[in-house]
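*Asks:* A single structure is presented below for examination.
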Amino acid sequence: APIGARFYRSEEISGSWALAPRGVSRSLPDAAETAAIGSITSHGSKWDSKGKHHTEINQDRGCVVTPFAGDETALLACVFDGHGPQGEQVSEYIVAEVPKLLEESLLERAKAEGLSSTALLSDEAVEAALSHAFVTADINLRESKVPSYKSGTTAVVALVRAGRIHTANAGDSRAVIGQSSKRGASGVRAVALTEDQKPDSPDEMARLRAAGATVTAASKFGPGRVWSSPTGGCGLAMSRSIGDDIFTRIGVCATPVTSSCALLPSHKWLVLASDGVWEFLETER
């Protein structure tokens, strides 16, 4: 676990609510009076053509880390959705690697800038640290014993600190914030903080094809995919991920899309989830 932090794995808090420390309300500045943490995860299942039911390995991993990088008010939330034959091994490796690398990068940047706390870092510095953590985790994964040639994971991360929310996303997992309606209206509206990186989205398709990739658009037969060879081979339904080494030569990369925004009193909740949720629920729902 990062220095001085309480590292909660998704399976530890699944089906319950936890605080840091567990069961004790924790105040966060510029947010609601208390912040609660919850998680749910489940393996997949499907029926084959003969009517036989099959359960699948749960390749999802997630964590919440707080405090973070020496900041008592900071909270890091992560979701990693593994895929491929050994996707659960990849997400298991990355769920520990990304928080460690991100903390190291934030602390190093604060020291280099002569800052007394990582809470004083600029948005640009934090986003650079997030990108560094993703890309370095991808390199370390490739050099590890974890099989990642045809296996990988999505990665969506939200760092809440110093009145800001910083996100990084590679793949089709998503971060969504719940914001109170304006002008006294009741209810909370959902606002996406990240955008799914699909192979057939215009910008990503152009980037992949410039790298020599074959990309097919979504159709009634399935989602858009980038293919490992012009004649087919392996297909990947996202344009960025950690791992998936077979696709790196044709533009699939671990470099995340990052963003930062203010943490407002009107923000009521933050959800990070894999496409196992977003395939069935639109952000607004």
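*Asks:* Quick one: net charge around residue 139, please, counting Lys, Arg +1 and Asp, Glu -1 for every other residue with C-beta under 13 Å from its C-beta.
*Replies:* Working: positive: 142; negative: 97, 138, 143, 245.
Overall, the nearby charge balance is -3.
*Asks:* Please enumerate, by chain and number, the lysines with C-alpha under 24 Å from the C-alpha of residue 182, excluding those fewer than 8 residues away in the same chain.
*Replies:* Correct list for residue 182: 268.
*Asks:* Further question: How much net charge surrounds residue 113 when only the other residues with a Cβ under 14 Å from the Cβ of residue 113 are counted, with Lys and Arg +1 and Asp and Glu -1?
*Replies:* Numbers: positive: 109, 111; negative: 108, 123, 124.
Here the charged neighbours net out to -1.
*Asks:* Then there's this: Ignoring ligands, DNA and RNA, what accessible area per residue does the range 155-200 give at 1.4 Å, in Å²? Let's see the in-between values first.
*Replies:* Details: 1610 Å² over 46 residues.
With the other protein chains kept in place, the range 155-200 gives 35 Å² per residue.
*Asks:* Using 1/(1 + (r/R0)^6) with R0 = 35 angstrom and r between the beta carbons of residue 144 and residue 188, what's the FRET efficiency to the nearest 0.05? Don't jump to the answer; show the numbers that get you there.
*Replies:* Values: r = 41 Å, r/R0 = 1.18.
The calculated FRET efficiency here is 0.25.
*Asks:* What's the ranking of 209-222, 82-95, 55-68 by average number of surrounding C-beta atoms within 10 Å, highest first? Before the final figure, lay out each step's value.
*Replies:* Details: 209-222: 13.2, 82-95: 22.6, 55-68: 20.5.
Per-residue mean Cβ counts within 10 Å order the peptides as 82-95, 55-68, 209-222.
*Asks:* Something else about it: Among 246, 188, 149, pick out the residue whose Cα is farthest towards the positive end of the charge dipole of the range 128-251, where Lys and Arg carry +1 and Asp and Glu carry -1 on C-beta, about the Cα centre.
*Replies:* The one lying farthest along the dipole's positive direction is 188.
The values are calculated or read from the model by the stated rules, or taken from the named source; none is laboratory data. The structure presented is a predicted model; accordingly, all values stated were derived computationally and were not measured. Note that we place each Cβ from the backbone using ideal geometry, even for glycine, and neighbour counts take in every protein chain shown. Protein only, heavy atoms only, side chains kept; ligands, DNA and RNA dropped before computing areas. Shrake-Rupley method; radii C 1.70, N 1.55, O 1.52, S 1.80 Å.
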